Amino acid sequence: MSRHWTLDDIKWDDFDASKVDPDILRAVKAAALVEYNAPDYVTYLCNVFSDRPEIMEVIRQWGAEEVQHGAALARWAELADPQFKFADALARFQAGYSVPKDVSQSVRGSRAGEFVARCVVESGTSSYYTAIKDASEEPVLKQIAANIAADEFRHYKLFYDHFKDIEDELPSVLGRARIAIGRVSEADDDELACAYYAANTPADGSVPYDRARFSKAYEKRALGLYRRQHVERLVAMVGKASGLKPHGFVMRVVSPLVWMFWQIRAKRLANAPV
């Protein structure tokens, strides 16, 4: 097994401030907070799989890598914007948003369903960081995003393999699709909106938090990064987790429809004052 990359492997001296895109910077600041908050998800998932020590070990390793992602993005963001204080933004974020940890059952209805939901998340992050890599001209961010995208794809495969091997009764294709769609819809919840708010507004609270406003602000920066190949990859990965053939008839119909919707949404948000 090859050694996992560390922050020392990043070529920080190659940083070029002239190539920092302000909108990508705003998105990266928010992403750093979400990634660094992974220990809360580790606690939740370990509660769900408390009788499976081998799965708990995998979850803890996943969480450690997610925290490293947050640390790398945070360091880059502080280089790109010396006024940005990650520790302060993280405190604001954690004060405004928290993952429910005092549970013993999966909120997805089953532990197999939990793996489907995790696959959806890793599909989104893998495609998202690939989109950041391709959209950014700043060399250090490109390296960080490439590393994170590769990790997230590996995490997807890891969760998918555990989903197939779990002894619990597996959800039907319809059940898996329902879980996947439900997890995708959670992209509109408080987590991303609160992260964007904590990372990109004055710390004095002079700008009040508005979930709808800051959800759109984050979405505007994120959707604009994607190209068709990123969306097609995302749809294929989510489709596979849902029990569909990634390149089967259904996905060949769904993929262009999703891309069409994506373009319409991105164009609307591009003109929105957020």
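The values are calculated or read from the model by the stated rules, or taken from the named source; none is laboratory data. Values in this document were obtained by computation on a predicted structure and should not be read as measured data. Here the Cβ is made from the backbone with ideal geometry for all residues, glycine too, and neighbour counts use every protein chain on show.
Select, from A195, A149, the only residue that is modelled with pLDDT of 95 or more, in a helix (DSSP H, G or I) and under 23 Å from I55 (Cα atoms). Explain how you work it out, then say what you get.
Numbers: A195 fails: under 23 Å from I55 (Cα atoms).
Sole residue among the options that is modelled with pLDDT of 95 or more, in a helix (DSSP H, G or I) and under 23 Å from I55 (Cα atoms): A149.
Where the second residue is among the hydroxyl-bearing types (S, T, Y) and surrounded by 18 or more Cβ atoms within 10 Å (Cβ to Cβ) and the first is closer than 10 Å to V28 by Cβ and in contact (Cβ under 8 Å) with a residue 24 or more places away in the chain and lies in segment 68-88, which pairs have Cβ atoms under 9 Å and are six or more apart or on separate chains?
Partner pairs satisfying both residue conditions: L73/Y36; A74/Y36.
Of the residues E35, E66, only one is among the acidic types (D, E), under 20 Å from I144 (Cα atoms) and touching a Gly at 6+ places or on another chain (Cβ under 7 Å); which?
On inspection, the qualifying residue turns out to be E35.
For G243, state whether it is on the phi > 0 side of the Ramachandran plot and over 18 Å from the mean Cα position of the chain (by Cα).
Numbers: on the phi > 0 side of the Ramachandran plot: yes; over 18 Å from the mean Cα position of the chain (by Cα): yes.
Answer is yes for this residue.
Which ranges mark the helices (runs of 4 or more DSSP H) fully within segment 1-99 that have 1 or more residues being touching a Cys at 6+ places or on another chain (Cβ under 9 Å)? Walk me through how you get there before you give the answer.
Details: elements: 22-36, 38-48, 53-80, 86-96.
Those helices (runs of 4 or more DSSP H) span 22-36, 53-80, 86-96.
Looking at the structure I just gave you, is Y97 at pLDDT below 95, over 24 Å from F163 (Cα atoms) and within 20 Å of the chain's Cα centre (by Cα)?
Yes.
Evaluate segment 95-117: report whether one residue or more is among the aliphatic types (A, V, I, L, M), closer than 26 Å to W262 by Cα and either free of Cβ contacts under 8 Å to residues at least 40 places away in the same chain or surrounded by 16 or more Cβ atoms within 10 Å (Cβ to Cβ) (or both).
Within segment 95-117, one or more residues are among the aliphatic types (A, V, I, L, M), closer than 26 Å to W262 by Cα and either free of Cβ contacts under 8 Å to residues at least 40 places away in the same chain or surrounded by 16 or more Cβ atoms within 10 Å (Cβ to Cβ) (or both).
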